[in-house]
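Reading through the structure tokens given below for one structure.
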Amino acid sequence: MAEQPDHGTQQRMPSMDNGKSPQTIAAANGIGSDAQYGAVTPPIHLSTTYRFPGFEKPGPYDYSRTANPTRDLLADTLAQLEGGAGAVVTATGMAAVSLLLAMLDPGDLIVAPHDCYGGTHRLLSMRAAKGHFDVAFVDLNEAAGFAEALRRGPALILIETPSNPLMRITDIAKLAEQGKAAGARIAVDNTFLSPALQQPLALGADFVIHSTTKYLNGHSDVVGGAVIAAHTQDLNHLKEWANAMGLTGSPFDAYLTLRGLRTLFPRLEYQQRTAFAVADFLDRHPCVETVHYPGLPSHPGHAIAERQQRGFGAMLSFNIKGGADGARRFVEAVKVFTLAESLGGIESLVAHPVTMTHASMGIEARRAAGIDDSLLRLSIGLEGERDLLMDLDQALRTVAPLLGRSSV
């Protein structure tokens with residue numbers, strides 16, 4: 001097996017402006033801050049409503065849709081980790097995207113990746129069809145097409161890097177510079193890497209979007225989202241819209257997400273080590289056509305990823321030989337991996353984008369994005385590396401007969 005390059009998070013993470021390392025912020029923000037009882041772990045505040053100190057004297061909290069202490073602590077932690085002015089925690093990842101879109105006006109143009117997450121593609125298409133705004137799905141790595149989109153004067157450019165599910169890498173700093181010169185705002189979906197491995201605001205983005213369901217929570221038991229803003233004025237607008245639209249997350253979900261966030265750095269450090277081993281194994285396997293993992297030097301975006309990321313993450317995809325039949329045999333044969341949507345949890349998952357996460361895109365949009373029946377997406381969990389490699393090997397052996405091989 002090829003030797004994995006050292007892209008661990010521990011040595012390469014800078015300190016934040018307040019002098020604390022990101023690891024310390026994730027693990028300890030809010031710890032020991034309970035003034036009433038001295039609880040080490042911050043308490044959960046489930047109350048929906050709060051007492052006014054007096055007539056026409058509102059306190060810091062009045063109603064939990066508007067603001068909640070537990071949700072605010074999660075938002076503060078995320079904002080510190082991303083280096084933003086603040087954050088709004090939403091009920092789902094798609095609610096986070098919806099919140100960002102609420103700031104657009106009819107006639108505004110949003111430029112989005114042609115290979116973005118299927119749920120994002122669906123939402124943008126449906127709202128554009130209602131006339132809420134215009135949308136252009138563009139290959140952000142194709143200079144001529146992106147330049148043409150900029151000439152149309154977009155209000156917002158949405159970047160997803162690495163992309164879901166093909167792991168394409170977009171140069172955030174380059175596109176942010178070009179987009180802002182054209183008068184656009186820049187939003188980056190950072191779900192696949194989290195602030196542990198990438199900080200888009202430092203690269204010129206105005207907003208960062210997360211599905212906190214994924215790596216931030218990390219345990220596949222909470223659905224949530226967040227938008228982090230670089231500027232206070234934008235943050236205030238987001239808070240107003242979140243309150244008006246009722247998109248904010250529940251206190252209990254915020255509490256669980258914060259609990260999961262405490263272990264973000266050690267989880268990702270282990271997961272991405274295993275992911276490199278998996279990618280290397282698949283890259284050399286005779287039943288695999290192509291592996292999509294930015295950590296491989298052969299990946300087209302490897303150099304950009306190495307420059308703008310602190311690690312290559314724990315997500316990868318690959319095209320299996322045998323097409324749809326090969327994919328079906330593989331997912332029916334795995335024993336340690338679980339066939340399921342979502343990602344970023346402690347368990348390893350396999351998904352078939354065409355029939356699962358990207359089914360709503362439609363065949364033409366999938367074809368344009370390069371998503372076909374042979375593509376499988378893996379989310380690497382915390383299981384033993386050897387167990388995962390053995391499971392992949394035995395599952396791939398079931399594909400060999402389709403290729404005229406008795407064994408591999």
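Observations
- Stokes-Einstein translational diffusion, region 279-408 - Kirkwood Rh over all Cα pairs, 0.890 mPa s, 25 °C, in µm²/s: 161
- Note, ³J(HN,Hα) from phi for region 283-295, Karplus 6.51, -1.76, 1.60, rounded to Hz, x at Gly and Pro: 5, 9, 8, x, 8, 10, 7, 9, 10, 10, 8, x, x
- In the chain, the DSSP beta bridges split such that about 60 percent are antiparallel, to the nearest 5.
- In the chain, taking the dipole from charged Cβ atoms about the Cα centre, the farthest positive-side position among 297, 339, 124 is held by 339.
- Loop-located chymotrypsin sites (Phe, Trp or Tyr not before Pro) in region 19-61, at most 14 other Cβ atoms within 10 Å (DSSP): 37, 55
- For q = 0.16, 0.32 Å⁻¹, Debye-computed log10 I/I(0) when each Cα of region 249-298 counts as one equal scatterer: -0.61, -1.12
- Within the shell defined by Cβ-Cβ distances under 11 Å, the residues around residue 138 carry a net charge of -3, with Lys and Arg each +1 and Asp and Glu each -1.
- The chain: angle of helix 323-333 to the longest principal axis, Cα-based, in degrees nearest 10: 70
- Helix 251-261 and the long axis of the chain differ in direction by around 50°, with both axes built from C-alpha atoms.
- Euclidean distance between Cα centres, region 338-382 to region 308-330, Å: 8
- When you work out D = kT/(6 pi eta Rh) for region 22-261 at 10 °C and 1.306 mPa s, using the Kirkwood radius from C-alpha pairs as Rh and the Stokes-Einstein form, the result is 86 µm²/s.
- Under 5 Å from the amide H of residue 290 lie the amide H atoms of 319, each residue being 5 or more positions distant or on a separate chain, with H modelled from the backbone and absent for Pro and chain starts.
- Taking GluC sites (Glu not before Pro) in DSSP loop conformation with at most 12 other Cβ atoms inside 10 Å as exposed sites, the chain has its longest uninterrupted site-free stretch at 143-408.
- Top of 42, 53, 251 by mean-square fluctuation, Gaussian network on the chain, Cα under 10 Å: 53
- Pairs of Lys residues in the chain that lie 8 or more places apart, or on two chains, and have C-alpha atoms under 24 angstrom apart add up to 5.
- With θ taken as phi - 60° and the Karplus curve 6.51 cos²θ - 1.76 cosθ + 1.60 applied, the whole-hertz 3J(HN,Hα) list for region 267-274 is 4, 5, 4, 6, 5, 6, 4, 5 Hz, x standing for glycine and proline.
- DSSP-assigned coil residues among trypsin sites (Lys or Arg not before Pro) in region 247-311, each with at most 13 further Cβ atoms within 10 Å: 284
- Fully extended contour minus Cα-Cα distance, from residue 221 to residue 390, at 0.36 nm per residue: 58.1 nm
- Rounded to 10°, Cα long-axis angle of helix 118-129 versus longest principal axis of the chain: 60
- Amide H contacts of residue 90: 225, 226, 227, 249, each under 5 Å away and 5 or more positions distant or on a separate chain (H built 1.01 Å from N in the peptide plane; Pro and chain starts excluded).
- Region 264-403 - percent relative contact order, Cα under 8 Å, separation 6 or more: 29
- From its DSSP helices (H runs of at least four residues, each -39,500 (n - 2.57)), the chain gives a residue-normalised ellipticity at 222 nm of -10500 deg cm²/dmol.
- Distance from the alpha carbon centroid of region 165-242 to that of region 243-265 works out to 16 angstrom.
- When DSSP beta bridges are restricted to pairs lying wholly in region 149-261, around 35% turn out antiparallel.
- A cut-off of 5 Å between modelled amide H atoms, ignoring neighbours fewer than 5 places along the same chain, links residue 186 with 157, 206, 207.
- The chain - percent relative contact order, Cα under 8 Å, separation 6 or more: 18
- Computed log₁₀ I(q)/I(0) - Debye formula, equal Cα scatterers, no solvent, region 123-195, q 0.12, 0.22, 0.23 Å⁻¹: -0.33, -1.09, -1.16
Every number in this text was worked out from the coordinates using simple rules, so none of it is lab data. Remember, it's a predicted structure, so these values are computed and weren't measured experimentally. Please note: Cβ atoms are built from the backbone with ideal geometry, for glycine as well, and neighbour counts cover all protein chains shown.
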